[in-house]
1. Along the Cα→Cβ direction, 7 angstrom out, place labels at residue 69 and residue 203. What is the inter-label distance in nm?
2. May I ask for the net charge around residue 40, where only other residues with Cβ less than 14 Å from the Cβ of residue 40 are counted and Lys, Arg are +1 while Asp, Glu are -1?
3. Pop the C-beta distance of residue 435 and residue 29 into the FRET formula with R0 = 56 Å and round what comes out to the nearest 0.05.
4. Between the DSSP loop rule and a limit of at most 16 other Cβ atoms within 10 Å, which chymotrypsin sites (Phe, Trp or Tyr not before Pro) in the stretch 97-203 are left?
5. So how much slack lies between residue 50 and residue 180, counting 0.36 nm per residue of separation and subtracting their Cα-Cα distance, in nm?
6. For a quick protection proxy, order the peptides 227-233, 31-37, 270-276 by their average other-Cβ count within 10 Å, most packed first.
7. Pairs 401/431; 322/343; 322/431; 166/401; 322/348; 348/442: which are spaced more than 30 Å apart, C-alpha to C-alpha?
8. Quick one: order 316, 291 from most to least accessible surface, probe 1.4 Å.
Amino acid sequence: MLINRRQLIGAGAAGAALVSTQAWGKTTNKGLPEAAQMDTAATAITPRPSSGPDYNPVVTLNGWTLPHRMNNGVKEFHLVAEPVERELADGMIAHLWGYNGQSTGPTIEAIEGDRVRIFVTNRLPEHTSVHWHGMILPSGMDGVGGLSHPGIPSGKTYVYEFDLIKSGTFMYHPHADEMVQMAMGMMGMFVVHPKDPTFMPVDRDFLIMLNAFDIDPGTYVPRIMTMADFNLWTWNSRIFPDIDPLVVNKGDKVRVRVGNLTMTNHPIHMHGYDFKVTCTDGGWVPEAAQWPEVSIDIPVGAMRAYEFVAEHLGDWAIHCHKSHHTMNAMGHDVPTFIGVDKKPLTQKIRKFQPEYMPMGTAGMADMGTMEMPLPDNTVPMMTGWGPYGPIEMGGMFSVVKVRDGIDAEDYSDPGWYVNPPGEQAYEWTGKLPEFTSNTSSKTLLTPKLTSKV
Ligand SMILES: [Cu+2]
């Protein structure tokens, strides 16, 4: 593409303007803030602030919150866009692009009214930008490469700076070579806590970013051209059974904030409770406009936060209701064999491949228990085990664990729920009725009533 001298000068001037805002002039240039790095996918709990305004930090499942420093009243953060190695599940590594050592990127937390200054260093092999999804900010800070400012070249650092004029849940992601950079895992959440700590307070505040990858079994790098047929459906770049549970104390008021930067919608369903949607990425939902749900569809490029009071003890499934999204790496071109007698075919195939094993004649539940050799760096399709056997789920699935007597800052896994006597489904051991069945090989149609009968 040709670019004339005038455009070049314009682009340079826009870049310079980013660091010469009024507030910048008032604060000391302390140099770049330290770029914190995270090297594990463990959930990091941020303690409540000990100084400054009080807020209840969010808990990013299998994620963390980016530290900041104060510079004369401005909150300074340092994001580093870079290639990362992310453990999507214990023992399964993906080579992604992300921020500060992980994908998804760290959660950014601040308070309504804060002035934030976010340094973005680009260590990717191509240019990038950061768009602050849902934020109300000056046009030149909006992070659309080529529109708001020039793309941040490889090796360079840009500074974004704006006031947080409203509280809520927002997201950040590149708006530069977006298809590639988002398919590679570049995204994160940005939570702005209300200035007034008595506004919509909750005891536990969980954060989930819905994302998806297409990584062939035995490989490490996502296919970036995939449009819909992803094979790993993740929460915060993590798959069940290695997504941490949502641990909750009985009686807690709980909020779950769910953002969606995949290319399809996800109906998130939580068992055991009804709940109300209290916030979108557009803002808080007034109480009079909230209605009860047990599943909440999260549209593409949107955030929904819902709230409930944890009155019911137990282990409650929380998952995407699209059943293909609770599976790990699977082929979607496997034919359906339910009810098919595959014996003759199996015998023929075994002449050439003696270890061939037919699957799926009575459904696919076998897959949950089968110990099959898998390629390296591959997680079985349905892997989660519960106290009573295989859960036959992967992907976008976790468990809300509601217990008595959990300390306010304790999010450690309390183990499986023990059902009290009389509160668990059980086997009927009495006499069974005789089942009527059809032994004819012919299709039986409902007999027509004729005048002869
Ligand atoms: Cu889904």
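The values are calculated or read from the model by the stated rules, or taken from the named source; none is laboratory data. Since we're looking at a predicted model, the values are computed, not measured. Every residue, glycine among them, receives a Cβ derived from its backbone with ideal geometry; neighbour counts consider all protein chains shown. For accessibility, only protein heavy atoms count, side chains too; no ligands or nucleic acids. Shrake-Rupley method; radii C 1.70, N 1.55, O 1.52, S 1.80 Å.
1. 3.8
2. -4
3. 0.10
4. In loop regions of the stretch 97-203 (DSSP not H, G, I, E or B), the sparsely surrounded chymotrypsin sites (Phe, Trp or Tyr not before Pro) are 199.
5. 42.8 nm
6. Put in order of decreasing packing, that is 227-233, 270-276, 31-37.
7. The answer is 401/431; 322/343; 322/431; 166/401; 322/348.
8. Per-residue accessible area, sorted high to low, gives 291, 316.
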